[in-house]
Amino acid sequence: MKEIPVVTGLPAPGRTLVMGVVNVTPDSFSDGGEWLDPDDAVRHGHDLIAEGADVIDVGGESTRPGATRPDLETELRRVLPVITELTRAGAVVSVDTMRSEVATAAVEAGAKMINDVSGGRADPAMLSTVAELEVAYLCMHWRGHSEDMFSQAVYDDVVTEVITELRVQLDQAVAAGIAPDRLVVDPGFGFAKTADHNWELLRRIDELAVLGLPVLLGVSRKRFLSRLLADGDRLRPARQCDDASMALTVVAAQHRLWGVRVHAVRPNRDAIAVIDQLAQPG
Ligand SMILES: Nc1nc2ncc(COP(=O)(O)O)nc2c(=O)[nH]1
């Protein structure tokens, strides 16, 4: 059975890791506004841990297409109380941010990973900051902020180009001093990618192994699933895409990917347990 790589400073469950999503935002695509109140967000984080999440990913900025960016103070105010409280309760927390100042404050509050959807491209200080913080860093493929993301969704071969561009981002991360054993990559489903691009990346997900780093799959409740499951031109609501999201978690587990980033933890955690059991020798 293919070994699942260990990321320094993060849990190593020996199976595909489950990262539970807590979006402390008013406007995230799938659950905007539900966990904006810090107490609600903390409670939700505890629920996800009880359901089996290995890591809780706390974000204060929606990255949905067309979203306007919150200012730094707003993002800090959203995420810090939640990170502090979940860390205090013993959770392993990552912070979903593109800002180096938020990364620094989050690590001071106990975060163990920086989940940077911009892969270091939104804030020139991010890579050097992460290197100094000596925490895990999730480097995602990204071509620009939400407002012009779809104009960037043009590729000859999306898989080859995502790999090439990720390699540039990763080389910059290592050059900035981030240790390779703290790096995770993510192809960035839905970020400067059409539904067809997402499906092509999923069909050829094994090709990302050429980067030699752990891979995280972030497809949970995304619009390309809503579109697949649409009833005519009525998209399936994001919250009703957890079964389809779980089907892709099965793919991730069968390919022994490092982790999945999901909103509904239990079904995905259970799917991984089933695939892992099947992979055991008879
Ligand atoms: N690493 C990573 N982080 C992310 N953060 C937010 C979203 C947007 O989805 P959400 O608003 O439903 O969380 N997607 C990703 C993703 O695909 N990968």
Over the C-alpha atoms of region 226-266, what are the Rg and the largest Cα-to-Cα span, Dmax, in Å? 11.8, 35
Among ALA67, GLY90, LEU17, the residue whose Cα sits farthest towards the positive end of the charge dipole of region 1-91, when +1 is placed on the Cβ of each Lys and Arg and -1 on the Cβ of each Asp and Glu, is LEU17
Restricting to Cα atoms and excluding each atom paired with itself, what does the Kirkwood estimate give for the chain in Å? 18.6
When Lys and Arg each count +1 and Asp and Glu each count -1, what net charge do the other residues less than 15 Å away from VAL6, Cβ to Cβ, add up to? +2
Bridge orientation stat for region 17-276 from DSSP, antiparallel percent rounded to 5, came to 5
Residue by residue through region 60-67, which ³J(HN,Hα) values in whole Hz follow from phi under the Karplus form 6.51 cos²θ - 1.76 cosθ + 1.60 (θ = phi - 60°), with glycine and proline marked x? x, 10, 6, 10, 5, x, x, 5
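When the chain is fully extended, how far beyond the present Cα-Cα distance does LEU36 get from ALA279, taking 0.36 nm per residue of separation?
On the way: separation 243, 0.36 × 243 = 87.48 nm, distance 3.97 nm.
Taking 0.36 nm per residue and subtracting the Cα distance, the gain is 83.5 nm.
Provide the net charge surrounding GLN240, with neighbours chosen by a C-beta distance below 11 Å and charges set as Lys +1, Arg +1, Asp -1, Glu -1. Let's see the in-between values first.
Working: positive: ARG221, ARG236, ARG239; negative: ASP231, ASP242, ASP243.
Residues close to GLN240 contribute a combined charge of 0.
FYI, it's all coordinate maths here, none of it is from the lab. Fair warning: this is a prediction, and the values are worked out from it, not measured in the lab. No Cβ is skipped: glycine too gets one built from the backbone with ideal geometry, and neighbour counts run over all protein chains shown.
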